[in-house]
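Trainee: Submitted below is the structure of interest, expressed as structure tokens.
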Ligand code: KIV
Ligand code: ZN
């Protein structure tokens, strides 16, 4: 690998998934892992296998699929965690064990209650054990940016001596600033023997909005791996955003003189995939992948753009995979055009899924004249859950009147095609419809959050609803879409209900599916 090459270590499925409201089902994680492989990331941190049986299963399944990138799992510095990571990742052709322990005075005194020497001993023991299992071992001194520099250098030296092949420097609480982080990396380069024999890595959080800037400062000072997530999702304010870091390096190549192996044309579809799956909608003005990132409203800008795009545009929309001709299909579009467009958007469906999605596309095209990319994504993303039964929504009727409770009547079909009709009143149409669903299915969900997002543009745009609900002490998230937003809510609710019923039917855990009982770091 050339000295100019920056490895992209994606932790969307570990640090990203750890963020509240971002947990993913196994199927969703597989979709994300596949998209990350198509994006050509170097390493996928697929999870923290010791956190829960669901996490273990999902890391193992991702590893078994062998998508291409190195598959990595996180472990604390203990034998059980390390063995679990190994068991989960070993079937991937290329795999890595990532061990971490906190090193800052605050963590030593208040969390670990361990002396400096004990921490070094624990790190060295863990790295040695991991090296007995695999050749590729990463070590992270958690809260490195708040660790005394000389002690940090001692820890990093010990980690290299013990056999770590990558040493990652986390700004765990998003506290550092670029100039300070630059000094930290230069200090390590100068004071740690053999540091040039390993890959130095950076891992930043965005608490002060500087995760990307700090990561770029680190690579300018010699780091050669950036740990980041799609859309910057992650604990609290999130992690370094992959798309921002990658596009900064690409767009300012003459400044950084560095490169990544990322196929930037996959950035936009991957970003959409992750925001659809997690229900974390992006601010319109989010850099690179926000809806407004390439929109030019002001007249003076539009004039300049018409003369020459480079007047106000430093990147081209197509560089990130944003097509100019967003308007795609209509009622008369055929199956081929439909499937081609899905492939362009990054979806590769099997025959069965394509047929199902195409059927839904035709139904939607009857209700809505123009079908945009967002509508197609919505069809694919919302296809699986509700249509896998046992319940299907046949019809919904809602009545609202100012100053009076709303009324909703739903008709559902059960697995055998038998109709069940129920109605209910509620404070609003959504409450009434949810009550009616509850009467029909017998599953009582406590609604915690209802988020509405427009899948595309225009008055007849589909509404995408993400509901967060609680059922028997567990948190679940469901998605639904329709041109009618109450119906979209019902579909989201039904998707969760169906998952709960299928899970109860199987009598087994549904890995990673809203299970809120996990070990925390
Ligand atoms: O933020 C952090 O310190 C981490 C480590 C486990 C790498 O996520
Ligand atoms: Zn982190």
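Trainee: Taking the chain as the reference, fit the longest principal axis to its C-alpha atoms, fit the long axis of helix 351-367 to the helix C-alpha atoms, and give the angle between the two in degrees, 0 to 90, nearest 10.
Mentor: Taking the Cα atoms of the chain, the angle to 351-367 is about 50 degrees.
Trainee: More than 24 angstrom separation, counting every C-alpha pair in segment 70-174; what % is that?
Mentor: Of all Cα-Cα distances in segment 70-174, 19 percent exceed 24 Å.
Trainee: Take each of the peptides 184-196, 155-167, average the number of other beta-carbon atoms within 10 Å over its residues, and list them starting from the highest.
Mentor: 155-167, 184-196
Trainee: What 222 nm value per residue comes from the helices of the chain, counting each DSSP H run with n ≥ 4 as -39,500 (n - 2.57) and dividing by all residues, nearest 500 deg cm²/dmol?
Mentor: Mean residue ellipticity, 222 nm, calculated: -12500 deg cm²/dmol.
Trainee: For the chain, take the longest principal axis of its alpha carbons; what is the angle in degrees between that and the long axis of helix 149-162, to the nearest 10 within 0 to 90?
Mentor: Value to nearest ten degrees: 90.
Trainee: Ok, one more. May I ask you to order 210-218, 133-141 by the average number of other C-beta atoms within 10 Å around their residues, highest value first?
Mentor: Highest-to-lowest ranking by the protection proxy: 210-218, 133-141.
Trainee: P(r) of the chain in 20 Å steps, Cα pairs, percent per bin?
Mentor: Going from the shortest bin to the longest, the percentages are 21, 51, 25, 3.
Trainee: Apply 1/(1 + (r/R0)^6) to the Cβ-Cβ distance of residue 413 and residue 315, taking R0 = 56 Å, and write down the FRET efficiency to the nearest 0.05.
Mentor: The computed FRET efficiency comes out at 0.70.
Trainee: Shifting gears a bit: Average the reciprocal distances over every distinct pair of alpha-carbons in segment 5-278, invert the result, and give the Kirkwood radius in Å.
Mentor: Averaging 1/r across every pair of different Cα atoms and inverting gives 18.2 Å.
Trainee: If a/c stays under 1.5 just call it rounded; otherwise compare a/b with b/c (prolate if a/b is bigger, oblate if not). Do that for segment 207-269, with a ≥ b ≥ c from the square roots of the Cα gyration tensor eigenvalues.
Mentor: In terms of gyration-tensor shape, oblate.
Trainee: When ranked by the protection proxy of mean other Cβ atoms within 10 Å per residue, highest first, what sequence do the peptides 471-478, 333-340, 420-427 form?
Mentor: 471-478, 420-427, 333-340
Trainee: To continue, here is another question. How would segment 7-126 be classified by its alpha-carbon gyration tensor: rounded, prolate or oblate, with rounded meaning a/c under 1.5 and the a/b versus b/c comparison settling the rest?
Mentor: Judged from the Cα gyration tensor, segment 7-126 comes out prolate (a/c at least 1.5, a/b above b/c).
Trainee: Expressed as an acute angle from 0 to 90° and rounded to the nearest 10, what is the orientation of the C-alpha long axis of helix 242-251 relative to the principal long axis of the chain?
Mentor: 70 degrees
Trainee: A further question follows. If you find the alpha carbon centre of segment 229-261 and of segment 115-146, how far apart are they in angstrom?
Mentor: Cα centres, segment 229-261 to segment 115-146: 27 Å.
Trainee: Take segment 392-509, compute every pairwise Cα distance, and split them into 10 Å bins from 0; I just need the percent in each bin.
Mentor: 14, 44, 34, 7, 1
Trainee: So between residue 502 and residue 355, what do we pick up on full extension, going 0.36 nm a residue minus the alpha carbon distance?
Mentor: 50.6 nm
Trainee: Ok, one more. List, largest first, the extents of the alpha carbons of segment 351-447 along their principal axes, each in whole Å.
Mentor: 44, 33, 23
Trainee: Calculate the radius of gyration of the Cα atoms of segment 323-382 to one decimal place, then report Dmax, the largest Cα-Cα distance, as a whole number, both in Å.
Mentor: Rg then Dmax for segment 323-382, in Å: 10.3, 30.
Laboratory data are not the source of any read-out in this text; all were calculated from the coordinates shown. What you are looking at is a predicted structure, and each value in this text was computed from that prediction instead of being measured. Cβ coordinates were reconstructed from backbone atoms using ideal geometry, including for glycine residues, and neighbour counts include every protein chain displayed.
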